[in-house]
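**Student:** First the structure, which I've put down as structure tokens, then a few questions once you've had a look.
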Amino acid sequence: MAIPIRILTAVPICDGHDSAINTINLELIRHGIEVIYLGYHRSVGDIVRAAIQEDVRAIGISSYNGGHIEFFAEVVDLLRKRGADYIKVFGGGGGTITHEDAAVMKRRGVDQIFFAGTSLDDMVKFVHQRYGKPREKRVRAKTRDIALARRLTEIEEAKESRKEKVESKKQKKIPNPRSAICNSKVIGFTGPGGAGKTTLIDELVLRFLNKDRQLRKASRAESRIAILSHDPSVIGEGALLGDRATMINSQNDCVFMRSMATRGQAGGLSPATHDCLALLAQSNFDHVIIETVGTGQEAMPFQKSGIVDLTVLVMNPDYGSRLQLQKIVMLDLADIVVVNKSDLQRARTAHNEIEQRLEQNRRAQRLIDTVAKRHRDPGVDRLFDLISGSAQSRRGKVGRET
Ligand code: B12
Ligand SMILES: Nc1nc2c(ncn2[C@@H]2O[C@H](COP(=O)(O)OP(=O)(O)OP(=O)(O)O)[C@@H](O)[C@H]2O)c(=O)[nH]1
Ligand SMILES: [Mg+2]
């Protein structure tokens, strides 16, 4: 089975024309490519950081509002400065980018520009031919993020090409996430599709960064967070890895984010998750956050021994009725249950029903209501206090948090 090509796509700063790139993303995915979509209105720095962390083969930029000669060239230059000129740059922008502009852009290091009227087939063919070949032997990584990103790719590709025997030798060097040298706190987020997991994580990251800024003023110590985010895909097919487009605050030098496709594995994670998580947990991050894909009633994604310290189940108030709650296995296993979207009408009923369900477990689980899409939401503040360890010690029973 061929290893999927990973590509990052984005629209430049001050440009909201995302309709073209959405069409192109879909076509690439349909042809087996994994597309990490960063969204529109993105700076050169955000694009380059994301491309390095995701260890993509190339960056596809869609540009309509002018300034493309400078913007594309700045991306190429910053990749070079960061020691990542193995990542190539290509793109398009209808009739906005002229043939003369494209010639200048190519001279400044851009691989290819596509013009109005090019068929989607031709673009897909280009990506396969230019970026689908096996990588040349890589030179020594110039930064720790490049080294980490490559190691994650090696783990993922070894699983994919069934070289587990070779990989298992290397894996002996990767300790279990909970072993002594892994000092990161690993927090797992799971829950049904669209419950608000990504939005919530991004708000929590903002709080981590703000807290860190205050601490740094006092001690000058720098802390970093890692995020391992999952989106679904079937074996041999592409995937849209779109969490970066939602995680605005997490596009920050203090955050190392990696998007993974499940590549056919059921249950919310990828075949390579455990080993990638183990690697991140020993890579000097203070917190490692993992988000599963949207899961079903039977899912227990973190059950595999020792994978996370703390599990958070994010629920949508619209789960159905009390009967559905009886079937959700994670309600028995989660340390913290969040009723997100508590701005919605059914949220109060949902809170009461879930509270009663959790009381049956007789475990020290916490229940918190949040509105993740609202900035400075007090529910998210409470969740942050619990997760970051600054909250009071856990109560012995389910506590009402609102
Ligand atoms: C649709 C559109 C809009 C929509 C955008 C919807 C959306 N969410 O994307 C709306 C109506 C919102 C809009 C708004 C504006 N627009 Co407008 N818009 C267009 C329009 C008509 C089509 C662009 C498009 O999506 N084409 C469809 C794609 C699939 O086809 P294509 O462009 O031919 O691209 C081909 C290749 O280049 C390639 N390609 C494109 N990108 C990429 C990326 C990669 C990685 C690859 C491999 C290939 C590739 O794919 C296609 C293959 O055939 C163009 C005019 C035009 N005909 O180009 C103006 C145009 C881009 N808009 C323009 C302007 C000025 C604006 C506004 C500023 C208008 C205003 N005053 O408010 C705003 C700005 C919005 C913003 N926030 O940035 C100008 C830009 C002029 C300039 N550069 O100086 C244009 C050129 C119109 C014009 N002639 O004046 N716009
Ligand atoms: N009304 C409301 N909408 C929210 C809230 N939080 C998130 N959303 C919206 O819910 C939608 C899904 O949010 P995501 O954060 O992508 O949800 P997710 O659980 O990560 O989704 P998957 O990863 O696809 O399972 C987005 O449109 C958010 O803006 C909230 O508190 N209230
Ligand atoms: Mg998500």
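The values are calculated or read from the model by the stated rules, or taken from the named source; none is laboratory data. Note that the structure is a prediction, hence the values are computed from the model and not measured. Here the Cβ positions follow ideal geometry from the backbone for every residue, glycine too, while neighbour counts run over all protein chains shown. These accessible areas exclude ligands, DNA and RNA; they are computed on the full protein's heavy atoms, side chains included. Shrake-Rupley method; radii C 1.70, N 1.55, O 1.52, S 1.80 Å.
**Student:** Ratio to report: Rg/Rh of region 67-119, with Cα atoms as the point set and Rh obtained by the Kirkwood method; give two decimals.
**Tutor:** Ratio of gyration radius to Kirkwood radius for region 67-119: 0.99.
**Student:** Taking all protein chains together and a probe of 1.4 Å, list Met257, Met300 from the most accessible to the least accessible.
**Tutor:** Met300, Met257
**Student:** Now, a different point. With θ set to phi - 60°, apply the Karplus curve 6.51 cos²θ - 1.76 cosθ + 1.60 along region 48-53 and write out the HN-Hα couplings as whole Hz, x wherever there is a Gly or Pro.
**Tutor:** 5, 4, 4, 4, 5, 5
**Student:** Also: If packing is taken as the mean number of other Cβ atoms within 10 Å per residue, what is the order of 84-92, 116-124, highest first?
**Tutor:** 84-92, 116-124
**Student:** With only alpha-carbon atoms in the gyration tensor, what are the semi-axes of the equivalent ellipsoid for region 311-356, in Å, largest first?
**Tutor:** Ellipsoid half-lengths, sorted descending, are 16, 13, 8 Å.
**Student:** Taking the simple approach of a point 7 Å from Cα along Cα-to-Cβ for both Arg108 and Lys373, what is their distance in nm?
**Tutor:** Going from the Arg108 label point to the Lys373 one covers 3.8 nm.
**Student:** Can you send over the carbon and sulfur percentage of the accessible area for the chain, probe radius 1.4 Å, protein chains only?
**Tutor:** 50
**Student:** So what are the radius of gyration and Dmax for the Cα set of region 297-388, in Å?
**Tutor:** Rg, Dmax (Cα atoms, Å): 13.0, 38.
**Student:** Tell me, what is the Rg over Rh of region 43-161, with Rh the Kirkwood radius over Cα pairs?
**Tutor:** Here Rg/Rh amounts to 0.99.
**Student:** Got a sec to turn the phi values of region 102-109 into Karplus ³J(HN,Hα) couplings, 6.51 cos²θ - 1.76 cosθ + 1.60 with θ = phi - 60°, whole Hz, x for Gly and Pro?
**Tutor:** With coefficients 6.51, -1.76 and 1.60, one gets 4, 5, 5, 4, 5, 4, 8, x Hz.
**Student:** With the alpha-carbon atoms as the only input, what is the per residue convex hull volume for region 214-293 in Å³?
**Tutor:** Each residue corresponds to 90 Å³ of Cα convex hull volume.
**Student:** Å³ per residue of the Cα convex hull, for region 197-339?
**Tutor:** So the per-residue Cα hull volume is 125 Å³.
**Student:** Give me the Kirkwood hydrodynamic radius of the chain in Å, from all C-alpha pairs, to one decimal place?
**Tutor:** It is 22.2 Å.
**Student:** Still on this structure, please answer the following. Which log10 I(q)/I(0) values does region 90-134 give at q = 0.19, 0.30, 0.32 Å⁻¹ under the Debye formula, counting every alpha carbon as one identical point scatterer?
**Tutor:** With no solvent term, the Cα-only Debye profile gives -0.61, -1.10, -1.14.
**Student:** By accessible area of protein heavy atoms, probe 1.4 Å, what ranking do Val308, Val380 get, highest first?
**Tutor:** The residues order as Val308, Val380, largest area first.
**Student:** Ordered by packing density, taken as the mean number of other Cβ atoms within 10 Å over each peptide's residues, highest first, how do 36-49, 362-375 rank?
**Tutor:** Descending mean neighbour count gives 36-49, 362-375.
**Student:** Tell me the relative contact order for region 309-357 as a rounded percent, counting alpha carbon contacts under 8 Å between residues six or more apart.
**Tutor:** Over region 309-357, the number comes to 46 percent.
**Student:** What are the semi-axes of the equivalent ellipsoid of region 262-325, taken as the square roots of 5 times the eigenvalues of the Cα gyration tensor, listed largest first and rounded to whole Å?
**Tutor:** Working from the Cα gyration tensor, I get semi-axes of 26, 14, 10 Å.
**Student:** Can you compute 3J(HN,Hα) from phi for each residue in region 232-244, using the Karplus curve 6.51 cos²θ - 1.76 cosθ + 1.60 with θ = phi - 60°, rounded to whole Hz and x for Gly and Pro?
**Tutor:** The phi angles translate into x, 7, 9, 4, x, 10, x, 7, 9, 9, x, 5, 5 Hz.
**Student:** Express the relative contact order of the chain as a whole percentage, based on alpha carbon pairs under 8 Å and six or more residues apart in sequence.
**Tutor:** Relative contact order, the chain: 16 percent.
**Student:** Another question, then. So, R0 is 25 Å and r is the distance between the beta-carbons of Ala116 and Asp85; what FRET efficiency does that work out to, to 0.05?
**Tutor:** In this case the efficiency is close to 0.30.
**Student:** Right, next: Starting from the Kirkwood Rh over alpha-carbon pairs, what translational D in µm² s⁻¹ does region 33-95 have by Stokes-Einstein at 20 °C and 1.002 mPa s?
**Tutor:** 179
**Student:** More than 19 angstrom separation, counting every C-alpha pair in region 247-402; what % is that?
**Tutor:** Percent of Cα pairs beyond 19 Å in region 247-402: 59.
**Student:** Another one. Which entries in the list Lys81/Lys106; Lys88/Lys125; Lys327/Lys373 go over 20 Å, if you measure between the two C-alpha atoms of each?
**Tutor:** Pairs exceeding 20 Å: Lys327/Lys373.
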